[in-house]
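**Student:** Let me begin by handing over the structure; questions about it come next.
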Amino acid sequence: MTLAPDNTQRIPQGGDYYSQSAPPPPPAFGQGQQTPPPPPPRKDRRVGQTAVTALLAAVLASGGTYAVTQYAGQDTASPTASSSSTTQGSTQGSSPTVIQGNASSPDWTAVAKAAAPSVVSIDVTTQQGEAAGSGVVFDKAGHILTNNHVVGDAAGGQGQITVTLSDGRTYSASIVGTDPSTDLAVIKLSSVPSDIVPITLGDSEALKVGDPVMAVGNPLGLSGTVTTGIVSALNRPVSTSTADQNQNQSPFGQQQGSSSTSEDVVTNAIQTSAAINPGNSGGALVNAKGELVGINSSIASLSQGSSGQSGNIGIGFAIPVKEAKSIADQLIKSGKAEHAFLGVTLRDTTVTDGSAKRAGAQVASVQSGTPAANAGLKTGDVVIAADGQRIDSATALVAQIREMTAGDKTTLTVIRGGQRQDVQVTLAVKPGSSS
């Protein structure tokens, strides 16, 4: 799937922050009441009478210049929370871990209390304007992990970055390193408070579809906002092309015959139903223990051609913490990041597999002296799986490789001459791999 950055939509709409409390119930029928009052008229909320599917376009969940929004009548009842307890985080001084009393009904109040102090609001001011996003406290040294598209415009001294902690204290920050190909960046506070609380890192590899998660961030400039949902899908290939930086025209899906390039931000993403809106970018996706499992980065949005609706529609994406930590560690150490390299060009295709057909990533060319060439991959091979994970497009294979590191071994299942076979590849460092 292809996600197009939306640099033109700077005033987000939608999301659960605009929901209002339910209307009071109708009066009970008493003696002498002959008929119930007629129900209020219902608004027709259908997108279209004949629409079967909606064209989706994706936008980065970055916050642009945002407007002051008024809210009214938003009293909500507090849900009954299951009993829970908290323990010290896995790293000394990091956020506490929540031990849930009932795994099927998480105590989200406890999770929010544990995770929120480790999530910050980020404001960026450049000559082009102002933008807002989110970030996660990575360590006690004051490093903040966020998205490159949140702070990238301020790189090279081209802007000012301000970080606001959950308690309202504000600090200036500078960029330590950026990695556009993974849409990750690390910034550092100019002055680090002694009581800063790094977030406890979780295990994105242990996630299962249906697991409960919470998104914490700064949507629409509303800092400290939390929303809950589930893991909707794992290993979801998500691509944002730099060629579409000022457009919102790419379909929600890789076009047949198109190919992924080094200019694309490609992620093997966690898909979540937790509400994510512009400004959530760089914020935390945490599990029911309050541990970081992903960095929120992009959302899907109905295209203007469908209904004009923008903002959250229940499809958001996060970069798995395994990948985010690897990149963050490299950026902190050297200001740049290395990436795994296969050494092929790819295109989408459909191949016969036994009595059926399936989509895959066809090798269009193999560069000499690369891991692919050394492993014996050939032009025309169609990759249908990587380490047992289904591959059904060029983007899916690129996402799988970018999640790995140089030196990793991966087994590619290919269709060659109508027959399946496995090819083991040892990945190398991508030439010119840097920030």
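The values are calculated or read from the model by the stated rules, or taken from the named source; none is laboratory data. Quick caveat: nothing in here was measured; it's all calculated off a predicted structure. Protein only, heavy atoms only, side chains kept; ligands, DNA and RNA dropped before computing areas. Shrake-Rupley method; radii C 1.70, N 1.55, O 1.52, S 1.80 Å.
**Student:** Quick check: with the 1.4 Å probe, what order do LEU234, LEU165 take by accessible area, largest first?
**Tutor:** LEU234, LEU165
**Student:** Restricting things to alpha carbons, find the Rg to Rh ratio for the range 347-409 using the Kirkwood radius for Rh.
**Tutor:** On the Cα set of the range 347-409, Rg over Rh gives 0.97.
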